[in-house]
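Comments concern the structure below.
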Amino acid sequence: MNINLPNILTILRLLAAPGVVIMFLYFHRPWADWFALALFVSAALTDFLDGYLARAWKQESKLGAMLDPIADKAMVVIALLVITGFSGMNPWILLPATLIMFREVFVSGLREFLGDTAGTLKVTPLAKWKTTAQMVAIALLFATGAFEHYFGMQSIGMSQQIVTDVLAGRIPDEMGLIWKYQGMIISWWAGITILWIAGVLTLVTGWDYFRKAQPYLKDAR
């Protein structure tokens with residue numbers, strides 16, 4: 001195996017995927033949310049860095065080509081499972097997350113079936129945009145979890161009317177509820193919108209891979 005810096009970055013990204021879960025097992029929220037966000041964003045950045053370094057330094061290898069898509073899928077799938085869990089199975093997250101996970105399993109199975117001819121299913125520019133959209137959406141939704149937890153913690157003991165009055169500016173905002181609420185709402189809607197865009201791109205790229213594989217799925221006559 002060729003162990004170089006690009007491959008080490010890919011391996012670290014692969015290890016970061018279960019690390020997101022570990023953050024929620026060993027830390028209380030909202031620290032778990034922030035640590036998971038920092039770990040996820042750092043790992044996502046290596047997705048761009050390892051490929052760039054491998055090409056720039058001419059260190060592309062079969063190990064890197066094998067591990068890179070696995071690390072990407074592991075990061076996205078595990079992070080979506082965590083977000084789906086702490087969102088209470090919210091359908092706005094559950095549906096696109098299900099589409100994304102289904103597509104990943106489907107395409108992986110398709111590549112495994114094609115074996116030596118799996119090279120026909122090369123990663124397309126649209127698939128790269130899909131991955132980017134997924135990572136941005138997941139990062140935003142981790143941030144939503146942190147803002148939501150801060151807002152909930154600091155509004156404990158307040159009646160709904162008091163919270164409404166604070167957000168409306170009728171009562172001084174001594175706890176900083178307004179910016180926490182705004183952060184929660186903005187990151188939520190931005191994350192959900194981009195996640196649904198990623199879900200649509202998931203269907204488009206999945207169909208494209210299936211279409212390219214069709215000639216190899218026909219039985220001989």
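The values are calculated or read from the model by the stated rules, or taken from the named source; none is laboratory data. Keep in mind the model is a prediction, meaning the values are calculated, not measured. Every residue, glycine as well, gets a Cβ built from its backbone with ideal geometry; the counts of neighbours run over all protein chains shown. All accessible areas refer to the heavy atoms of the entire protein, side chains included, with ligands and DNA or RNA removed. Shrake-Rupley method; radii C 1.70, N 1.55, O 1.52, S 1.80 Å.
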Quick check: is even one residue across the stretch 89-108 basic (Lys, Arg) and open to solvent by 20 Å² or more (accessible area, probe 1.4 Å)? no
Filter pass, residue 74 being crowded, with 21+ Cβ neighbours inside 10 Å and either within 19 Å of residue 147 (Cα to Cα) or touching a residue at least 24 places away in the same chain (Cβ under 8 Å) (or both): no
Return the pair list, or none, for Cβ contacts closer than 7 Å from residues in the stretch 203-221 that are within 24 Å of residue 73 (Cα to Cα) to residues that are at pLDDT below 80, at least 6 apart or on different chains. 205/124; 208/124; 209/121; 212/120; 212/121; 213/114; 213/120; 213/121
Failed condition for residue 47, given (1) exposed (fewer than 15 other Cβ atoms within 10 Å of the Cβ); (2) assigned to a helix (DSSP H, G or I): (1)
How many residues, within the stretch 85-103, are of a type outside the set (A, V, I, L, M, F, W, C), closer than 18 Å to residue 194 by Cα and not in a loop (DSSP other than H, G, I, E, B)? 4
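Listed here are the residues, each with its yes/no results for (1) modelled with pLDDT of 85 or more; (2) among the small types (Gly, Ala, Ser).
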{"residue": "11", "(1), (2)": "yes, no"}
{"residue": "14", "(1), (2)": "yes, no"}
{"residue": "22", "(1), (2)": "yes, no"}
{"residue": "37", "(1), (2)": "yes, no"}
{"residue": "61", "(1), (2)": "no, yes"}
{"residue": "69", "(1), (2)": "no, no"}
{"residue": "89", "(1), (2)": "yes, no"}
{"residue": "92", "(1), (2)": "yes, no"}
{"residue": "118", "(1), (2)": "no, yes"}
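Taking the stretch 22-44, which residues are in a helix (DSSP H, G or I) and more than 13 Å from the chain's Cα centre (by Cα)?
Answer for the stretch 22-44, where residues must be in a helix (DSSP H, G or I) and more than 13 Å from the chain's Cα centre (by Cα): 22, 23, 24, 25, 26, 31, 32, 33, 34, 35.
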Selected residue (criterion: surrounded by the most Cβ atoms within 10 Å (Cβ to Cβ)) from residues of the stretch 162-221 that are closer than 30 Å to residue 122 by Cα and of a type in the set (Lys, Arg): 212
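So that you can scan it fast, the table gives a plain yes or no per residue for (1) in contact (Cβ under 8 Å) with a residue 60 or more places away in the chain; (2) basic (Lys, Arg); (3) under 25 Å from residue 128 (Cβ atoms):
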| residue | (1), (2), (3) |
| --- | --- |
| 13 | yes, yes, yes |
| 17 | yes, no, yes |
| 26 | no, no, no |
| 41 | yes, no, yes |
| 62 | yes, yes, yes |
Answer residue from the stretch 126-161, given it is assigned to a helix (DSSP H, G or I), open to solvent by 60 Å² or more (accessible area, probe 1.4 Å) and among the hydrophobic types (A, V, I, L, M, F, W, C) and is nearest to residue 177 (Cα to Cα) among those: 153
